[in-house]
């Protein structure tokens, strides 16, 4: 069982490096990721490069200063999880993204022209546009995500239960989603880019979203103070992964916690155990969750 409490998270602040990580890692990593994108906007390689760098940094810190040592996976298990995420990454690039480019993207673009939507503030500095796209994307995702936990049909069709099925979390879990769910995950950014006309700003927003998703799944002692008023922290998101359904139905914002605060779904409670039930399903059972939920699942709608 994974136990999470404030004392355990703060116990590792004894030496100089720990307070720097506790207070500074999340804003520093977000800032560096955004700056790297800003300086290399024309390069497609900047996206996988940033994702890889973020994962290496968080993964190394998880093994050096874990918030919950019992969550550290054996090397073989970690390698398997990394391979799974890499395969899903290529699946997204080869299958999901082209599918939307051929179907959803033209529909959104045509709708924008048909309705005469021309509201995007192109005159703003690009970084202001990035943050606007970031918060808008998360606003849309908040409602998608809330729907996944509200209606069983959406929970099943999206395969969202597979993401919740892991008993121990780490930064790599940001990408441990059912292949079906990637068709949902891409929608908010597509809406902001093509319906609202965000254009190039969506690239920077995507970097912030992926970096945040990695951070909030990480097994590292991090502060939830000032930054936690706007952005999701790992304490808040791990609570969303709780095995208790009332706790899991909180903190839907994976990157932005502001929407939970505004719409009454925010929780700052402690988390005793994560997962969908007492045991973690096998990889095969995770894959077939849209068809058959494990019998001990406790958090499906």
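If I filter region 275-288 for residues that are under 25 Å from residue 162 (Cβ atoms) and in contact with a strand residue (DSSP E or B) (Cβ under 8 Å, 6 or more places away or on another chain), do I get at least one hit?
No, that holds for no residue.
Report whether or not residue 118 is in contact (Cβ under 8 Å) with a residue 12 or more places away in the chain, surrounded by fewer than 12 Cβ atoms within 10 Å (Cβ to Cβ) and either in a loop (DSSP other than H, G, I, E, B) or in contact with a helix residue (DSSP H, G or I) (Cβ under 9 Å, 6 or more places away or on another chain) (or both).
When the stated conditions are applied, residue 118 passes them.
Any idea which of 29, 81 is under 28 Å from residue 159 (Cβ atoms), out of contact with any strand residue (DSSP E or B) (no Cβ under 8 Å at 6 or more places or on another chain) and either part of a loop (DSSP other than H, G, I, E, B) or touching a residue at least 24 places away in the same chain (Cβ under 8 Å) (or both)?
After ruling out the rest, the residue left standing is 81.
Any idea which of 140, 88, 94 is under 23 Å from the mean Cα position of the chain (by Cα), surrounded by fewer than 11 Cβ atoms within 10 Å (Cβ to Cβ) and either on the phi < 0 side of the Ramachandran plot or not in a loop (DSSP other than H, G, I, E, B) (or both)?
Just a single option satisfies the conditions, and that option is 94.
Being assigned to a helix (DSSP H, G or I) and touching a helix residue (DSSP H, G or I) at 6+ places or on another chain (Cβ under 7 Å) is the filter; apply it to region 223-234 and report the residue that is surrounded by the fewest Cβ atoms within 10 Å (Cβ to Cβ).
Among those residues, the one meeting the criterion is 227.
Yes/no per residue for (1) assigned to a helix (DSSP H, G or I); (2) surrounded by 22 or more Cβ atoms within 10 Å (Cβ to Cβ); (3) modelled with pLDDT of 95 or more; (4) in contact with a helix residue (DSSP H, G or I) (Cβ under 8 Å, 6 or more places away or on another chain):
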site: 180; (1), (2), (3), (4): yes, no, no, yes
site: 184; (1), (2), (3), (4): yes, no, no, yes
site: 211; (1), (2), (3), (4): yes, yes, yes, yes
site: 214; (1), (2), (3), (4): yes, yes, yes, yes
site: 221; (1), (2), (3), (4): no, yes, no, yes
site: 246; (1), (2), (3), (4): yes, no, yes, no
site: 252; (1), (2), (3), (4): no, yes, yes, yes
site: 261; (1), (2), (3), (4): yes, no, yes, yes
site: 266; (1), (2), (3), (4): no, no, yes, yes
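The values are calculated or read from the model by the stated rules, or taken from the named source; none is laboratory data. The structure presented is a predicted model; accordingly, all values stated were derived computationally and were not measured. We place every Cβ from the backbone using ideal geometry, glycine too, and count neighbours over all the protein chains shown.
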